[in-house]
Amino acid sequence: MIQELMGWDFNTAFMDYGPFWREHRKVFHQSLHPVAAKQYTPHITKTTHSLLKRFLNDPDPRKIMPHLRYMAGATILSIAYGIRTQQENDLYIKTAEDAVHSIAATAVPGAFLVDSIPLLRYVPAWLPGASFRRKACEWHKLARRMLEMPYAEVKRTISAGTAIHSIVSENLERIRARGKDKDPSEDVIKNVAGTLYGAASDTTVSAITSCIMGLLENPHILRKAQAELDSVVKTGHLPDLEDQSSLPYITALAKETLRWREMEGCRSDYTENEYNGYHIPAGAIVIPNAWAMLHDESVYEDPFMFNPDRFIDSATGKVDFSRARDPAHACWGFGRRICPGHYVAFSEVWLAIASLICVFDFEKAKVQKKNADGEMEEETAELTHEYVSALIVLRVHDSCWF
Ligand code: HEM
């Protein structure tokens, strides 16, 4: 349903291993390795400051998630295409959000019979019972719009000489410099950029929201982080990514966030192998349990506690992974499919957390409740810690989806 009928075959995360996937991975690597990722610091800084403005203009706590989603969308559109999104109701964000939501709805296992009986894809759309074909057609248009519209905009700005540096502009320049017969092809560049929104938005929002939840449950951690920011960031200034080495507690907080509520979504498809005396036949599906690795008591003391101090050396006050392993060993996935955006992702999460804590206070809402005598009383609301599954759907085999 997703790949063929809805037209998401451009998405690198859904591609099988092979030469075509490798061409895409090469572009991700060239554009997002640690040095290249630094070029996107101004993009991240600008969209983080816009997030603060949006919070200040509209501080309704119920808007936290939409504000964060908007920031994550604006950041990735800026990095991928150099598009400066509108402060509100941006057409590029709206299109990408609609497209990503369409696949989140479809990805529920068993939602569409055509995933189990592929022959059904040939059923004509007008037949009764073929509503999936009509839906797929509508969603296909959305996916194409998400892929084509921002790409066309970069090409327009390049021709006009007004393009802002981005993954697409950089790679089109590479083609111009090397000639069209050298990789990457334009299709690969377009696919890579089109993959980024889905890969980068839910994950980043989920991480920042988890941090806010951790802080709401642990006000002493919020105070400690604010004290560190107050001692380093000058009055009237905001933290920036250059401050990372002077703000170890914020770094430990970002690391703990990625460990505490890590996003699952990893899979591997191995050839025949032997591991610890176990025979793994070719084609077996091996799903590394990143959650277990990041909550292993022998590696992380009291693993379900939100505790950035586990990554701080109490003698020096510096970040230290000798007592608790750096969560990067598991939170970005593994091996060939490891998250290619993780340098950008960490910077984005770090700066959003530092900036939000620097400017705002977070505390649990007060709610009015009737007491036993029927009188209204103010009470502190409890957090539910409920998460919803979203777009972390990855291809394992033709017949198997997670
Ligand atoms: C906190 C934020 C993020 C987390 C926790 C995260 C985590 C992950 C994980 C666990 C995977 C699957 C790896 C595997 O299969 O072994 C993945 C894949 C991917 N991520 Fe991220 N990610 C984040 C943000 C980003 C950002 C900001 C970008 C882009 C700039 C990005 C780009 C990608 C891409 C393109 C893939 C698919 C790679 C492939 O299939 O070859 N991610 N990510």
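Below is a table of values for the structure above.
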read-out	value
Local net charge near His385, Cβ-Cβ under 14 Å (Lys/Arg +1, Asp/Glu -1)	-1
About the Cα centre, charge dipole magnitude for the chain (Lys/Arg +1, Asp/Glu -1 at Cβ), debye	1580 debye
Protection proxy ranking of 329-337, 362-370, 236-244 - average other beta-carbon atoms within 10 Å, highest first	329-337, 236-244, 362-370
Two-site FRET efficiency, His165 against Ala315, from Cβ-Cβ distance with R₀ of 35 Å, rounded to 0.05	0.25
20 Å-binned pair-distance histogram of the chain (Cα, whole percent)	24, 55, 20, 1, 0
Portion, in percent, of the accessible area of the chain that falls on carbon or sulfur, probe 1.4 Å	55 percent
Rounded accessible area per residue of segment 8-401, 1.4 Å, Å²	52 Å²
Members of Lys63/Lys135; Lys94/Lys155; Lys155/Lys234; Lys63/Lys318; Lys53/Lys255 lying beyond 32 Å, as alpha-carbon distances in this model show	Lys155/Lys234; Lys63/Lys318
Distance (nanometres) between label positions extended 7 Å along Cα→Cβ at Lys369 and Asn57	3.7 nm
Efficiency of FRET between Ala284 and Lys26 - r from beta-carbon atoms, R0 30 angstrom, step 0.05	0.65
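The values are calculated or read from the model by the stated rules, or taken from the named source; none is laboratory data. Because the structure is a prediction, the values reported are computed rather than measured. Cβ: placed from backbone, ideal geometry, glycine included. Neighbour counts: every protein chain shown. The protein model used for the area step is the full one, side chains on, heavy atoms only, and it has no ligands, DNA or RNA in it. Shrake-Rupley method; radii C 1.70, N 1.55, O 1.52, S 1.80 Å.
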